[in-house]
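Encoded as structure tokens, the structure appears first; notes follow it.
The values are calculated or read from the model by the stated rules, or taken from the named source; none is laboratory data. Nothing here was measured: the structure is a model prediction, and the numbers come from that model. Reconstructed Cβ throughout: ideal geometry from the backbone, glycine too, with neighbour counts over all protein chains shown.
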DNA sequence: ATCTGGTTCGAACGTTCGTTCCAATAATAA
DNA sequence: TTATTATTGGAACGAACGTTCGAACCAGAT
């Protein structure tokens with residue numbers, strides 16, 4: 001219940017970040033909050049949600065421990081704000097990209113490119129989103145879970161489209177989740193100095209995945225040619 | 001240094017689990033330790049390493065808090081023992097399976113089947129291994145990291161074999177890590193009541209992956225046939 | 001100069017953390 | 001039985017945790 005109807009330490013702070021989601025960081029308050037979220041993302045990235053203390057977060061934000069509570073009511077809500085913003089943004093961008101593509105195969109490529117690009121451009125936030133999946137309880141957790149389900153369903157829809165258009169028959173669920181696994185695992189191994197950039201990585205993964213789901217039956221042992 | 005030359009609370013406990021790795025759970029001590037590890041795996045699975053307290057672990061083991069320290073010197077070492085045992089076992093089983101396969105494609109399938117089967121049969125331990133990757137520091141962490149590298153290299157070798165045998169040219173590194181992503185992500189979504197069993201899941205993922213890396217160029221838009 | 005509302009922080013609250021000490025108990029050997 | 005060793009747990013340690021409180025500070029308006 002504290003999750004759905006939170007009591008804020010200060011009435012000014014309360015009215016602000018309740019619904020604004022600080023997306024439009026206009027006011028002084030919103031701008032400062034956005035900076036705190038950015039620093040908190042760094043700390044969560046390095047120490048994990050449980051491992052990071054409010055004192056760590058305060059120190060990295062250049063603010064006192066108690067001062068933090070002027071901007072959010074609890075550590076849990078801080079994580080929630082980070083995850084919600086990150087997820088909302090990636091879904092937003094995806095929707096814009098999908099508007100411009102109609103071919104089922106290209107739409108899947110667009111999905112993958114969007115995910116990988118955003119993932120690498122915001123690696124820390126995306127790790128916090130992927131890794132701290134179970135950290136939020138009750139209301140907070142439910143809201144993020146809903147966003148996740150929405151994102152999942154978009155991808156599922158793309159794969160169903162593609163399956164119908166090509167008359168294939170794979171399990172869309174297994175395919176979606178395998179694809180998510182490929183992409184979300186990136187944060188555990190990616191090294192920007194030695195590994196390919198976002199566009200190339202998206203292409204490699206996209207090729208593996210699309211070829212993987214695109215033919216019936218087992219792997220052919222001989223070379224193939226177009227017959228029709 | 002505490003990691004490489006640990007001091008045990010009790011001299012009896014010290015000599016035991018130092019090198020035995022409790023694999024051969026013969027003595028009373030080893031059997032009890034194995035049970036504690038099993039219960040601790042459950043708790044780490046549900047609450048994470050940082051989120052699980054020694055008091056949680058003790059309660060689930062039906063033992064007093066201080067009694068736990070007779071079996072291991074620290075919470076960190078407890079996680080280390082779980083991870084080391086799990087990883088050692090999966091590598092062991094893999095080596096046995098690979099002995100029986102010589103065809104490069106079948107060897108990759110064997111790798112995937114081994115991983116997925118063990119993953120689903122020991123889902124909790126495998127989540128603790130995958131998810132709590134950065135929890136161990138210094139000596140403990142280095143040892144697990146070495147096992148991980150070994151496992152990675154085995155898979156890399158299999159993909160290189162396959163690439164040479166089929167005269168393909170994908171990036172083995174990206175391929176390995178994509179495959180690991182697919183498989184290790186399972187713990188975030190798998191539902192034994194509704195999702196396919198290990199053999200079928202391994203087959204689906206194996207098919208996606210192998211077809212994905214098996215052809216050159218882009219996805220063909222037409223049907224294919226064997227010509228040679 | 002005073003007032004007002006937004007912003008900051010030092011100090012402290014009560015709780016929980018991992019770990020230790022040491023006495024008590026159970027098992028085994030003599 | 002007694003002597004010895006292996007195992008257990010109650011109580012406590014100091015440190016760290018998330019959160020709260022109230023006083024202080026700062027800006028801009030009056």
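Tally up the residues in segment A:205-221 that are surrounded by 16 or more Cβ atoms within 10 Å (Cβ to Cβ) and either in a loop (DSSP other than H, G, I, E, B) or facing chain B (nearest Cβ under 8 Å) (or both), please.
Let us first name the residues in segment A:205-221 that are surrounded by 16 or more Cβ atoms within 10 Å (Cβ to Cβ), namely A:205-215, A:219.
Retained after the next criterion (residues that are either in a loop (DSSP other than H, G, I, E, B) or facing chain B (nearest Cβ under 8 Å) (or both)): A:205, A:207-215, A:219.
Residues flagged as surrounded by 16 or more Cβ atoms within 10 Å (Cβ to Cβ) and either in a loop (DSSP other than H, G, I, E, B) or facing chain B (nearest Cβ under 8 Å) (or both) within segment A:205-221 amount to 11.
Report every pair of residues separated by at least 6 positions or lying on different chains whose Cβ atoms are under 8 Å apart, first residue within segment A:91-108 and touching a residue at least 40 places away in the same chain (Cβ under 8 Å), second part of a loop (DSSP other than H, G, I, E, B).
A:105/B:219; A:107/A:101
Take the residues in segment B:188-204 that are more than 18 Å from the chain's Cα centre (by Cα) and within 19 Å of residue A:182 (Cβ to Cβ); name whichever of them is nearest to the other protein chains (Cβ to nearest Cβ).
B:204
Need a quick list: helices (runs of 4 or more DSSP H) entirely within segment B:39-102 having at least 2 residues that are within 16 Å of DNA strand D (Cβ to nearest atom) and more than 20 Å from the chain's Cα centre (by Cα). Can you show your working first?
Values: elements: B:54-61, B:65-68, B:75-99.
Once the helices (runs of 4 or more DSSP H) in segment B:39-102 are filtered for at least 2 residues that are within 16 Å of DNA strand D (Cβ to nearest atom) and more than 20 Å from the chain's Cα centre (by Cα), what remains is B:54-61, B:65-68.
Could you tell me whether residue A:127 is more than 30 Å from residue B:219 (Cα to Cα), modelled with pLDDT of 95 or more, within 13 Å of chain B (Cβ to nearest Cβ) and away from DNA strand D (no atom under 14 Å from the Cβ)?
Values: more than 30 Å from residue B:219 (Cα to Cα): yes; modelled with pLDDT of 95 or more: yes; within 13 Å of chain B (Cβ to nearest Cβ): yes; away from DNA strand D (no atom under 14 Å from the Cβ): yes.
The answer is yes for residue A:127.
If residue A:80 meets every condition in (1) within 12 Å of DNA strand C (Cβ to nearest atom); (2) more than 14 Å from chain B (Cβ to nearest Cβ) apart from one, which number is that one?
(1)
Rundown of residues vs (1) surrounded by fewer than 17 Cβ atoms within 10 Å (Cβ to Cβ); (2) touching a helix residue (DSSP H, G or I) at 6+ places or on another chain (Cβ under 9 Å), yes/no style:
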| site | (1), (2) |
| --- | --- |
| A:112 | no, yes |
| A:117 | no, yes |
| A:120 | no, yes |
| A:123 | yes, yes |
| A:126 | no, yes |
| A:132 | no, yes |
| A:138 | yes, no |
| A:144 | no, yes |
| A:151 | no, yes |
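Name the single residue, out of those in segment B:40-67 being within 12 Å of chain A (Cβ to nearest Cβ) and within 7 Å of DNA strand C (Cβ to nearest atom), that is surrounded by the fewest Cβ atoms within 10 Å (Cβ to Cβ).
Across segment B:40-67, the extreme among qualifying residues is B:53.
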